[in-house]
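For reference, the structure is listed below as structure tokens.
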Amino acid sequence: MAGHEIPRSHPRYHSLVVRERLVEGFRKGIVVPQGLIAHGRGEAFDYILGERTHDFAEEAIRAAVAWLLLARHPVISVNGNLAALAPREVGELARLTGALVEVNLFYRTEERVRAIEDHLKANGVGGVLGSACRKRRLPGLESPRGIVCEEGIFRADFVLVAIEDGDRTEALRRAGKRVAAIDLNPFSRTAQMADITIVDEATRALRRAVEVAKELRGAGREELEGIVSSYDNAGVLARAFQAMLARLSEAASKGRLLEPPA
Ligand code: PTJ
């Protein structure tokens, strides 16, 4: 069934288009029903943030890109929601930074892994890991997210994850890897456990990461190391909470927002 026609004049046009993309992904077997619920939670946080990339997210994006460029074996981990929302952005960021792309799912079936690989390939992402690789287990992770590719996440020194449930970032860190997470919810276990937390909508953050990668690709090691070593994730998370608090207290004191949701 084709997606619904959304009138361009609708005040929430963009948000409705994004929902259609996920529903389409659900119909193609890329997104799980639980992914639609996860998106709703993300939308609520994005509303509070005013649906824009804040300075704290910008700082986290720069640190994540610098780390992707510095890492010996960087991997971008893709689940159903991310594949449906931002396949081209994933591909471009991987190309610019030399990162591998691996499909890693919580609600894992081999059929879904292949559907996501095909979708990524159809959107220009080359060399996706997932189905045809030597499988290994991430120690201490019971869920199917623990099934990883030896030449991908298992060997990685840096992993970028997005729209992720709570159990994996900790396991990746225990395995000695650095982790950057894109998560609109700064309260989440993933957001709290990551080395770098990008509190921003994943598609918006990846678009910005692509621009930053174009800029930083020509930078020397020293400059990249400077970005990484001066990065303070606790400070970035604190600023994300402050931004939410400021928007909420503005609304609470005036009963309305100066900038209504676009
Ligand atoms: O594709 P699978 O099988 O790996 O499953 C993927 C889902 C999303 C179902 C799974 O990872 C899950 O259940 O995730 P959670 O526990 O709902 O967590 C998702 C987190 O991502 C929540 O903190 C949301 O607020 C956040 N989130 C949702 N949509 C976005 C987002 N963050 C950034 N950008 C979004 N578009």
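Read the figures in this text as sums done on the coordinates, not as results from a lab. For clarity, every value in this text was computed on a predicted model and none was experimentally measured. Here the Cβ is made from the backbone with ideal geometry for all residues, glycine too, and neighbour counts use every protein chain on show.
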FRET efficiency for ALA132 and ARG217, using Cβ-Cβ distance with R0 set to 30 Å, rounded to 0.05 = 0.50
inquiry  = With a cut-off of 8 Å between alpha carbons and a minimum separation of six or more residues, what is the relative contact order of segment 131-206 in percent?
reply    = 23 percent
request  = Can you tell me the FRET efficiency between ALA122 and GLU151 if r is taken as the Cβ-Cβ distance and R0 is 22 Å, rounded to the nearest 0.05?
outcome  = 0.45
note = The set of residues whose placed amide H lies less than 5 Å from the amide H of ILE182, leaving out same-chain residues fewer than 5 positions away, is VAL161, ALA162, ILE163, ILE198
task = Within 10 Å of each residue's Cβ, count the other Cβ atoms and sort ILE198, ILE48 from fewest upward.
result = ILE48, ILE198
inquiry  = Under 8 Å for C-alpha pairs, at least 6 residues apart: give me the relative contact order for the chain, rounded to a whole percent.
reply    = 23 percent
remark   = For ASP157, ASP200, ASP55, ascending order of other Cβ atoms within 10 Å (fewest first) is ASP55, ASP157, ASP200
key: Which of SER249, SER9 has the fewest Cβ neighbours within 10 Å, and the rest in rising order   = SER9, SER249
inquiry  = Using 0.36 nm times the number of residues separating GLU43 and ALA251, minus their current alpha carbon distance, what extension gain do you get?
reply    = 73.1 nm
ask   = Membrane-span-like helices in the chain: DSSP H runs reaching 30 Å or more (Cα, own axis), mean Kyte hydropathy at least 0.0?
value = 233-254
ask   = With respect to the cross-link table entries LYS28/LYS177; LYS135/LYS214; LYS28/LYS135, which display a Cα-Cα separation exceeding 31 Å?
value = LYS28/LYS177; LYS135/LYS214
ask   = Over segment 73-207, what relative contact order in percent results from Cα pairs under 8 Å that are six or more residues apart?
value = 24 percent
key: Inter-site label distance for ASP165 and SER9 at 7 Å from Cα along Cβ, in nm   = 4.3 nm
inquiry  = Rounded, prolate or oblate, given the Cα gyration tensor of the chain, with a/c below 1.5 counting as rounded?
reply    = oblate
ask   = Just how far, in whole angstrom, is segment 234-258 from segment 100-173 if you go by their alpha carbon centroids?
value = 35 Å
query = Let a ≥ b ≥ c be the square roots of the eigenvalues of the Cα gyration tensor of segment 58-137; is it rounded (a/c under 1.5), or, if not, prolate (a/b larger than b/c) or oblate?
reply = prolate
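GluC sites (Glu not before Pro), restricted to segment 1-32: which are DSSP loop and have at most 11 other Cβ atoms within 10 Å?
Of the GluC sites (Glu not before Pro), the ones in loops of segment 1-32 whose Cβ has at most 11 other Cβ atoms within 10 Å are GLU5.
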task = For segment 107-262, just say rounded, prolate or oblate: build the C-alpha gyration tensor, square-root its eigenvalues into a ≥ b ≥ c, call rounded for a/c under 1.5, and beyond that prolate if a/b exceeds b/c, oblate if not.
result = prolate
request  = Please give the FRET efficiency for ASP232 paired with ARG114, using the beta carbon to beta carbon distance and R0 = 41 Å, rounded to the nearest 0.05.
outcome  = 0.50
